[in-house]
1. Taking the highest mean first, how do the peptides 85-96, 350-361 order by number of other beta carbon atoms within 10 angstrom per residue?
2. Kindly identify the chain as rounded, prolate or oblate by the Cα gyration tensor criterion: order the square roots of the eigenvalues as a ≥ b ≥ c, call it rounded if a/c is under 1.5, otherwise compare a/b with b/c, prolate if a/b is larger, else oblate.
3. So how much slack lies between Thr436 and Ala57, counting 0.36 nm per residue of separation and subtracting their Cα-Cα distance, in nm?
4. Which of the cysteines found in the chain have nothing to pair with, since no other Cys Cβ lies under 4.7 Å from theirs?
5. Determine, for each peptide in 70-79, 266-275, the mean count of other beta carbons within 10 angstrom over its residues, then list the peptides with the highest first.
6. May I ask which of Lys71/Lys173; Lys71/Lys429; Lys124/Lys299; Lys124/Lys173; Lys71/Lys403; Lys118/Lys255 have a Cα-Cα span longer than 32 Å here?
7. What does the charge count near Val95 come to, summing +1 for each Lys or Arg and -1 for each Asp or Glu among other residues with Cβ under 14 Å from its Cβ?
8. Using a simple charge model, +1 on the beta-carbon of Lys and Arg, -1 on the beta-carbon of Asp and Glu, nothing else, what dipole does the chain show about its Cα centre, in debye to the nearest 20?
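Every number in this text was worked out from the coordinates using simple rules, so none of it is lab data. All values derive from a computational prediction rather than experimental measurement. We place every Cβ from the backbone using ideal geometry, glycine too, and count neighbours over all the protein chains shown.
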Amino acid sequence: MSDLKSAVHEAPLQFVDPRRFKANSQVSVDDPHLRRSFRSAMDFLQAKRGAHFGEAATFEPLRRLGEAIRKYSLSRLPDLLEQLEARLVERGVQVHWARDAAEANAIFLAIAQAHQAKAMIKGKSMVSEEIELNHRMAEDGVACLESDMGEYIVQLAGERPSHIIMPAIHKTKQQIGQLFAEHIADTGYTEDVDALIAIGRKVLRAEFRDTPIGVSGVNFMVAETGSLVLVENEGNGRMCTTVPGVHIAITGIEKVVERFEHVLPLYSLLTRSATGQAITTYLNVITGPRRAGELDGPKEVHLVLLDNGRSQAYRDATLRATLQCIRCGACMNHCPVYARIGGLAYGTTYPGPIGSIISPHLMGLDPTQDLPTASSLCGACTEVCPVGIPITDLLTTLRHAAKHEALPGHAPLVGQGSAADWREAWAWKAWAWLNTHPTLYRIAMRLGRHVRGVTPAWQGGWTAHRTPMRLAARGLRDRLAAVDKG
Ligand code: SF4
């Protein structure tokens with residue numbers, strides 16, 4: 001095994017617990033370097049997108065088309081998945097279905113063991129992050145080496161990606177120079193960006209040649225042709241899917257569309273929304289392993305289709321919109337909360353607004369109940385989402401689901417009601433009752449004003465960041481009455 005793969009084996013992944021989201025956020029907010037780097041990165045990405053979509057007249061028709069394609073695809077999801085599987089099998093692709101992360105990892109391990117492989121080289125795949133592939137494979141002695149430059153950097157640091165498009169956006173060039181000097185043999189410290197890229201490229205190129213299994217994500221799957229479409233800029237995705245003898249692709253079940261013509265508008269929305277590019281450098285379309293007479297390409301192609309909570313979102317008419325997502329990251333780039341705390345504080349694979357609406361399905365509402373509350377509901381995410389996901393509506397739906405049991409006739413979400421607090425529930429009930437009894441309401445307000453001087457200064461979580469709530473000396477009704485008299 002190469003030195004690099006040994007280093008990857010040894011780099012322990014630092015897990016961040018989403019249950020500690022509030023505390024993690026405080027740490028991020030208190031870090032001026034992190035805030036500065038995220039702010040400038042988000043400004044940059046916003047400007048890049050704005051250059052394409054500054055005018056609503058340019059954006060809206062394409063967005064409506066993208067939304068319609070995603071909704072149509074989801075409305076036919078079971079049929080399209082069956083059609084996709086049949087086409088892929090015809091083309092020689094081995095299709096595997098995984099209910100959860102454990103099943104997906106078992107499939108990867110079985111393929112590695114069948115080939116006696118001790119290493120895999122990976123293109124960028126957020127779904128592989130979702131199942132913690134690198135970490136789980138390392139437990140069984142299989143090294144997974146990231147080949148996307150950003151992913152490679154966070155892997156060397158033992159971290160998770162902090163952005164779904166730009167995984168190492170939180171790292172400075174000085175930190176990257178330090179990491180390379182520590183982990184890559186015969187490499188001195190440099191903070192020259194071109195030199196750093198050249199170092200990474202040289203190391204990874206040799207690994208593509210020597211590693212038996214390549215792993216990739218998938219951006220879109222086409223049911224009618226049995227094609228896997230992969231969007232990327234670095235060329236590492238193409239290397240991972242063509243150089244090693246075995247290619248394993250992994251993606252969520254929602255990524256399927258019916259026809260190839262459906263891919264093009266989504267591709268256009270994806271690249272412009274994500275990085276402000278009209279097209280990416282590479283668009284890979286994979287339709288099976290190497291055929292007789294062909295000189296290159298993998299001899300074996302596998303596709304792992306992961307559910308991992310997606311069917312929970314699918315069965316709810318409102319929450320199904322979550323699955324329209326094409327993972328462009330625009331909602332993150334425009335979110336005032338994400339821009340201040342960055343991605344690592346969330347402790348989930350997908351941070352920012354998309355993370356707040358998808359993570360409760362992937363992990364359950366219990367550990368993720370605070371995420372949907374990390375929004376001022378300003379609507380910036382909804383405004384820029386290229387496939388029309390009503391993100392703010394989904395955030396409020398999940399907030400409600402975290403605090404209340406499911407309504408009769410509705411299937412509960414995993415962890416539904418885990419944030420319920422009987423004191424809060426009773427306080428709201430009492431408040432509702434008082435507001436529907438005007439005489440008692442007026443008496444209560446009058447009494448309250450008499451004792452407003454002794455309002456407690458500490459009012460639980462409310463006063464952690466706000467001044468205490470206190471009744472006004474004169475109520476609105478009295479003020480309006482005074483105006484009328486005047
Ligand atoms: S929710 Fe919309 S804006 Fe956010 S990543 Fe998904 S498609 Fe992009």
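1. Details: 85-96: 17.2, 350-361: 27.6.
The most tightly packed comes first, giving 350-361, 85-96.
2. Prolate shape, in that a/c is at least 1.5 and a/b is the bigger ratio.
3. Working: separation 379, 0.36 × 379 = 136.44 nm, distance 4.66 nm.
Difference between extended and current length: 131.8 nm.
4. Isolated Cys, the chain: Cys144, Cys240, Cys325, Cys328, Cys335, Cys378, Cys385.
5. Highest mean packing first, the order is 266-275, 70-79.
6. On the way: Lys71/Lys173 41 Å; Lys71/Lys429 38 Å; Lys124/Lys299 21 Å; Lys124/Lys173 21 Å; Lys71/Lys403 29 Å; Lys118/Lys255 30 Å.
Listed pairs above 32 Å: Lys71/Lys173; Lys71/Lys429.
7. -3
8. Around 2320 debye, computed over the chain.
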